Structure formats: C-alpha cells, structure tokens
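A short worksheet on the structure shown next.
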Amino acid sequence: MTNSVEIKNLDLQFGAIKVLQDLNLEIGKGEFLVLLGSSGCGKSTLLNCIAGLLDVSGGQIHINGTNVTWAEPSERGIGMVFQSYALYPQMTVEGNLSFGLKNAKLPKSQIESRIKRAAEVLQIEPLLKRKPAALSGGQRQRVAIGRALVRDVDVFLFDEPLSNLDAKLRADLRVEIKRLHHSLQNTMIYVTHDQIEAMTLADRIAIMRGGQIMQLGSPDEIYGRPVNKYVADFIGSPSMNFLEGKINEGAFHVGDLVIPLERYAFAGGGPVNGDTTIGIRPEHVVTGELVGNAPFQVDVEISLIEPTGSDTLVDCKVAGKHFRVRMDGQSRVSVGEKLRIGINPAMASLFDLKSELRL
Amino acid sequence: MVDTTSHTFTGPHGPKPRKAFSRRNIFLYGTLLVVTLYYALPLYIMIVTSLKGMPEIRMGNIFAPPLEVTFEPWVKAWSQACTGLTCDGLSTGFWNSVRITIPSVILSIIIASVNGYALANWKFKGANVFFTILIFGAFIPYQVMLYPIVIMLREIGLYGSLTGLVIVHTVFGMPILTLLFRNYFSSLPEELFKAARVDGAGFWGIYFRIMVPMSLPIFTVAMILQVTGIWNDFLFGVVYTGPESYPMTVSLNNIVNSSQGVKEYNVNMAATILTGLVPLTIYFVSGKLFVRGIAAGAVKG
Ligand SMILES: Nc1ncnc2c1ncn2[C@@H]1O[C@H](COP(=O)(O)OP(=O)(O)OP(=O)(O)O)[C@@H](O)[C@H]1O
Ligand SMILES: [Mg+2]
C-alpha cells in the first residue's frame, strides 16, 4: 500500500519559536488519522503545513507520492474544513461550492453535476440558493464539508470542524463524517480536542505535544498501552489514577500496599526494579461481587460521590493518595461508607518515575 | 415547591416610570440644544443672507429672514462673480475640482486597498518594514514636502497641470488609507482567506471575489475621507495648479477676498454654500455606512 501523505523531518518556526520539530508522519491511503493534543501543541500548524497555507522551515511533505513541499494549496489535491466554517458570506451556498471549481476552470456541466452529488450526500439541496447567514451552524458546517467534497480530492483536512456546534449536533455530524469516510474511502486528517471524537473516528490517533508526536497508534493502543505518563493522563475521562511507588521482587509497593505484577506485560519482557508510577483507569477498578477475582484488593472509605447518570464516580484514598473509581450508575453508595475495590494489574500501566516512559 | 403565601406580588411592576423633566434630562437636552444652535446658526445666517439683495443686507439685522427672496446671488456666484482676472464665477473651479477629485479618489482607493490587502493577508518579506515607513509618512508635515514636490513635478513636466495635482493627492492619501484598509482586512476572519487559497484563488481572485465584496463599509469610509479631503483642499490646489485649473476652493477664495468693488455678502455666502455642497451631499448619502465602517475598522489593529 502506498502512503497518501508522508511528512519527513518537518520543521516550522515562527520567528524564534519552534512550533514543529523534526516531525515524521506517514498516513496510508484511505486512513482516518486524528491529531489530538492540548491547545497550542501545533495541530493546526501541522495541518496548515500539509495544506500549503504555511511555508515550512525545513523538511518535506509528499502527497500521493509527489513532493508538494513548495506547491500551492490548490495544487496539492487537498480539501480543508475549518472550525469557523469560513463560508464566503456574499455568495450563496451554490456559489460557495462552485468557487473552487470555477477557479479550476471546470466545464459548467461538470460543476453542476458535482454540486448536485455533494448536495445529495450532505442533504443540503434545499439550501443551495441561500446565503450562509441564513443557515444554522450545523448546516454551515455541512456546506463547508461540501466545499471540500466537490473538489474531488484525495485528502481531507479537518481543523476542529465540530467544536463550534452544540453537543447533540456534534454527535450527529460526527457519525455523518464517519459515514462519509466509509463511502468515499479517502484519506482524512482530523484535528480535535475532543477525545470522544478522536476515539470514535480514528483509524489511528497521533498524540501531539510541543510540536512533536508522542504516540501514534490505534485508539486501542493509545488507550490501553500509552507510551508515557503524559499520554496516559491525556487520554481517558475521568483521567487515570497515578500512584508513586517502587517495584521490588515482581510487585509494586506503595505505602504498605503490595500490588502483584505477575500478569503485567512489561515492555522489556521481564520486570524492572526501581521507582515507578502506576496508572490505573477509574473504569478498570472493580467493585461488588467482581472484587473476589481481582489479584489485588483493598478497603477504602468513600469521600465524594459524583453521579453522572450512566456512571457514578467515587472518590476515595488509596495509600493516602486521591483515587477515583467508576461504578455503575445504579450503585447505591454514600459518603463515609467503606468499599472494597479490586485492581487487575494486567489493565494497569507502569511508568518509570523519572523518564515517565512505559515499563 | 415555592411557598406562595410568604409574600404577594404587590408593589412595582412593569417598566419603571421616568420623570420627563428630571434635572438630568434638562441638563442633557439643554446641552444638546446649545451645541445644535452653535452649529446651525452660522448655516442659517449664510442661507438667509444668500437669499437677500444687497440693499436689504445693508439694513443690518443678519438674523432676519429675507423680505424678498432672490436667487440672483446664487446665479452670480456660479457664473458671473470675478475670480481674479476672469469673471465666470465658480463654475470653472467646480469643474476643475470634479476633474481633480474623481480620478484622485478612485486612484488612491484602488492603490491603497490593494496595498492594505497585501499587507494584511500576504505576509510578504519586508511587509513590516514597508508598513512602518508608510505610517511614518503619515506624520511628516505637508509643508516640508511642498517645494520638493514642485521640483519633482516640474522635472516630469506635470507642474501646473491637473494630472500633477491628481498624483499629489493620490500619494498623500496613501498612508492613512492603506492603514485603514489593512486594519479592516486583518479584522476579517483569516480562515476565509485560507479557504479561498485552498479553493485555488490567486492574489487578484481573492481580492476581487472575496475581499472587496465584504468591504463595502470601508470603501465608503475611504471614499468619504478622500472626497471631502480632496474637495476641501486649498494648499495643494494653489501650489500645484495654475489659474486656469484652480480648484473650487481657490476660486471661492478669490471671489471672497477680491479687493475691488463692494463686498457682496450675499454672493460670498452663496459661493461658500455651493463649494460645501459636495462634501455635505456625500455625508448625507452615506452617513450610515460611514459610521459602520469606522467601527468595523476600529475593532482590530
Ligand atoms: N502566526 C503565528 N506567529 C507566531 N506564533 C504562532 C503563530 N501561529 C501559531 N503560533 C504558535 O504556535 C503554536 C501552535 O499553534 P497551533 O495553532 O498549531 O496550536 P493548536 O494545536 O492548533 O492549538 P488549538 O488546539 O488551540 O487550536 C502556539 O504556541 C501558537 O502560539
Ligand atoms: Mg488549532
């Protein structure tokens, strides 16, 4: 399989600030890649470099096997959708859709048929004669997607396309984008803040931090085997519980608790001794009848309860540290009550205390 | 549920009543009235005087409305009053001003808007240096440059011609207009510009099809600034043109300040109103857009 987008040693700086540093990334044909990271980590900058809207300071960008590092945005075979929709306000929806095609000097009949097809796919046919001001947010974003769609490009770039929409609409459009990807089978690079979006849409997720890619992998890998503490902390909501301790004789010691690590799959093969952080996701802690099967069990006192409807989040203390447990929404527990919790070390993550890398 | 017996809904309801003659209102409207009079009274005097005959003016009482309305002074101001050597009124000056203002306004707005667009959107090399120099230009007093420009125009053979004056007006309008356009264009969402680039539009395509259609308010502001500025200009007109191509303001000055004969106040008043008529019309026609444009440009720098 040839790659659709290849980025080699990409550097980008604004004046003295290095925003992207020696970034390498290969995206397969038809792949849905999500760029995820906290604000200011360079996601939009990377996307703009791929689109050709920013001149790179170093490195190369290849799209479909062609070196496009110096090519104009319109020559790269990409379509882009922006957070603020960026529809041309003085043109009708139809005008917005046809603008790029007219610039490409396509024959009129072809322009019309492409607009018709895109409008059908996105269900915006009744809106074609309207101006963007007369559309709702969801409709506007649909038109913006349509503008990329009509150009018949191989690579779609999305820069937080759904973050201006309300929660329900976001969920709807998310499904629609996924469906669109299934039917079009083109490459999509999608920037978001939203973990749910990332997890549900992505074939692979790239976690970015400080202009570099920390981890690149499937949603499962990112969630289950984060390469370092940053990624572990960033992914998952509520976020992972961390306890600092020591590994000694195949077990993790924190305070006077000893967590056996026989079932933990160490990255290096066998157990390592030394100062370590253990990360346990709140949803991987078991309670009730299931506790009996867990290799490690401890009694805690409930200090706070946050019901969310489907789940109940319970705050307690393990080895003197704050610890969160996710329980079923039906659970009847109250503050001050004692609770027995069980942990399966196979589901946990261990990180070297200093380097914060996965063990 | 809410305990409805604890209190009943009596007392104030609906809009709060306001006194028509509160101290605050008297002060506010009083001030407004005084300011209005301050501006309106001279205009009133000019209009009534221009409609009186000379005998009536000599009776004094400048505030009285005309006993006998006459348009004689207006006709005279337009076509017969003596401006220096010739005696064909303001009409020649008017047409000169038109021939100066229209090309200057159009030329300066076109160039400045393209400048502003390039500076705001295409961050080309040296853009900031260029912009700084341009802004610096706005602060150099005109007087310093008067004579050097005379020499420059003479060297290229345009001294004393309308074309020369058009060039001067265009150049002098550049700093402020470019600043105006640059700020307006940078206040437009950057993503629109990016989207247009992805859609394959080039420098001019984006300018004409995306930027200009979104910028009617700022073009109006620029037009008002330039029309009034150039129409009202006196200094450049006197310096850079000759008697046969003097703009209207210079003709007006020559009528009002002519030393021979009696002072014809009515003709002077009519001539002055005639000269001010163009900027006045522009304000009335496009006042609303003007305010909107000024506000829009002010938001982001
Ligand atoms: N034109 C610019 N000049 C200087 N610095 C810039 C410029 N654009 C972006 N930056 C800096 O580059 C860094 C990365 O910005 P970028 O917009 O790529 O972040 P992001 O990951 O998209 O963040 P967000 O999630 O908030 O959109 C930021 O620290 C930002 O301050
Ligand atoms: Mg961004």
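The values are calculated or read from the model by the stated rules, or taken from the named source; none is laboratory data. These figures come from a predicted structure and were not determined experimentally. We place every Cβ from the backbone using ideal geometry, glycine too, and count neighbours over all the protein chains shown. Accessible surface areas use protein heavy atoms only, side chains included; no ligands, DNA or RNA. Shrake-Rupley method; radii C 1.70, N 1.55, O 1.52, S 1.80 Å.
Identify all lysines with a Cα-Cα distance to A:Lys229 below 24 Å; exclude those on the same chain that are fewer than 8 residues away in sequence.
Leaving aside lysines fewer than 8 places away in the same chain, those within reach of A:Lys229 are A:Lys18, A:Lys43, A:Lys246, A:Lys317, A:Lys321, A:Lys354.
Could you pull out every residue, at least 5 positions away or on a different chain, whose amide H is within less than 5 Å of the one on A:Thr276? Hs are placed 1.01 Å off N in the peptide plane, and Pro or chain starts have none.
The answer is A:Gly245, A:Lys246, A:Ile247, A:Leu353.
What average count of beta carbons from other chains do you get within 10 Å of the Cβ of residues in A:84-92? It would help to have the intermediate numbers written out before the result.
Details: counts 5, 4, 9, 3, 9, 6, 6, 3, 0.
Other-chain Cβ atoms within 10 Å of each residue's Cβ, averaged: 5.
Compute, for chain B, the length of the dipole vector about the Cα centre, with Cβ point charges of +1 (Lys, Arg) and -1 (Asp, Glu) only. Units Debye, rounded to 20.
On the way: 20 positive and 12 negative charges, 197 e Å.
With only Lys, Arg, Asp and Glu charged at Cβ, the dipole is about 940 debye.
How high is the FRET efficiency between B:Leu41 and B:His7 when r is their beta carbon distance and R₀ equals 45 Å, given to the nearest 0.05?
On the way: r = 58 Å, r/R0 = 1.28.
In this case the efficiency is close to 0.20.
What is the distance in Å between the Cα centroid of region A:316-333 and that of region B:181-256?
Comparing the Cα centres of region A:316-333 and region B:181-256, I get a distance of 67 Å.
Could you give each residue of region A:281-291 its phi-based ³J(HN,Hα) in whole Hz, using Karplus coefficients 6.51, -1.76, 1.60 with θ = phi - 60°, and x for Gly or Pro?
6, x, 7, 9, 8, 9, 9, x, 5, 5, 4
Give me the number: length gained by fully extending A:Asp22 to A:Lys321, i.e. 0.36 nm times residue separation minus the C-alpha to C-alpha distance, one decimal in nm. Kindly include the intermediate steps, with their values, before the conclusion.
Values: separation 299, 0.36 × 299 = 107.64 nm, distance 3.83 nm.
103.8 nm is the gain from fully extending A:Asp22 to A:Lys321.
7 Å from Cα along Cα→Cβ at both A:Ser113 and B:Phe139: what's the point-to-point distance in nm?
With each label point 7 Å from Cα toward Cβ, the separation is 6.2 nm.
With all protein chains present, how much of the accessible area of region B:23-70 (probe radius 1.4 Å) comes from carbon and sulfur, to the nearest whole percent? Provide the component values of the computation, followed by the final result.
On the way: 2850 of 3830 Å².
Result for region B:23-70: 75 percent of the exposed heavy-atom area is carbon or sulfur.
Would you mind telling me the share, in percent, of accessible area of region A:1-152 contributed by carbon and sulfur at probe 1.4 angstrom?
Working: 3220 of 6580 Å².
Answer for region A:1-152: carbon and sulfur cover 49 percent of the accessible area.
Testing the spin-label approximation: label points 7 Å from Cα along Cα→Cβ at A:Lys246 and B:Lys123. State their distance in nm.
Roughly 5.2 nm, to one decimal.
Can you list the residues, at least 5 places off or on another chain, whose amide H is less than 5 Å from the amide H of A:Arg209, using H built in the peptide plane?
A:Met214
Given H placed 1.01 Å from N in the peptide plane, which residues other than close sequence neighbours of A:Val285 have an amide H under 5 Å from its amide H?
Answer set, sorted by chain and number: A:Arg326.
For region B:1-148, rounded, prolate or oblate, judged on the Cα gyration tensor with a ≥ b ≥ c (square roots of eigenvalues), a/c < 1.5 rounded, else prolate if a/b > b/c? Walk me through the numbers before you get to the answer.
Working: a/c = 3.39, a/b = 1.21, b/c = 2.80.
Since a/c reaches 1.5 but b/c is at least a/b, the shape of region B:1-148 is classed as oblate.
For chain A, set up a Gaussian network in which alpha carbons nearer than 10 Å are linked by springs, and say which option among A:Arg326, A:Arg204, A:Arg147 fluctuates the most.
Ranking A:Arg326, A:Arg204, A:Arg147 by mean-square fluctuation puts A:Arg326 first.
Contact order normalised by length for chain A, with contacts defined as Cα pairs under 8 Å and 6 or more residues apart; what percent is it? All intermediate terms of the calculation are to be shown ahead of the outcome.
Numbers: 724 pairs, mean separation 55.6, N = 359.
RCO, chain A: 15 percent.
Would you kindly find the accessible area of B:Phe27, with a 1.4 Å probe and non-protein molecules such as ligands, DNA and RNA excluded, rounding to the nearest 10 Å²?
It works out to around 150 Å².
Assigning unit charges at the beta carbon (Lys, Arg +1; Asp, Glu -1) and nothing else, what dipole magnitude in debye, to the nearest 20, does the protein assembly as shown show about its Cα centre?
Values: 59 positive and 53 negative charges, 355 e Å.
Computed about the Cα centre, the dipole is about 1700 debye.
Excluding residues fewer than 8 places away in the same chain, name every one of the lysines whose C-alpha is closer than 19 Å to that of A:Lys116.
A:Lys102, A:Lys105, A:Lys108, A:Lys129, A:Lys131
Taking every residue in A:148-155, how many Cβ atoms of other protein chains lie within 10 Å of its Cβ, on average? Intermediate values should be presented prior to the final figure.
Working: counts 3, 0, 1, 3, 0, 1, 0, 0.
That works out to 1 on average.
Decide, for chain A, between rounded, prolate and oblate: order the square roots of the alpha carbon gyration tensor eigenvalues as a ≥ b ≥ c, take rounded if a/c falls under 1.5, and otherwise choose prolate if a/b is larger than b/c, else oblate. Present the calculation step by step, with values, prior to reporting the outcome.
Working: a/c = 2.97, a/b = 1.83, b/c = 1.62.
Cα axes put chain A in the prolate bin.
At what distance in angstrom do the alpha carbon centres of region A:131-206 and region B:7-64 lie from each other?
Computed from Cα coordinates, the inter-centre distance equals 59 Å.
Given a Förster distance of 30 Å, report the FRET efficiency between B:Ile26 and B:Asn61 from their Cβ-Cβ distance, rounded to the nearest 0.05.
Here the calculated transfer efficiency is 0.45.
Please label the shape of chain B as rounded, prolate or oblate, based on the square roots a ≥ b ≥ c of the eigenvalues of the alpha-carbon gyration tensor (a/c under 1.5 means rounded; beyond that, a/b larger than b/c means prolate, else oblate). Don't jump to the answer; show the numbers that get you there.
Working: a/c = 2.88, a/b = 1.11, b/c = 2.59.
Oblate, since a/c reaches 1.5 and b/c is not below a/b.
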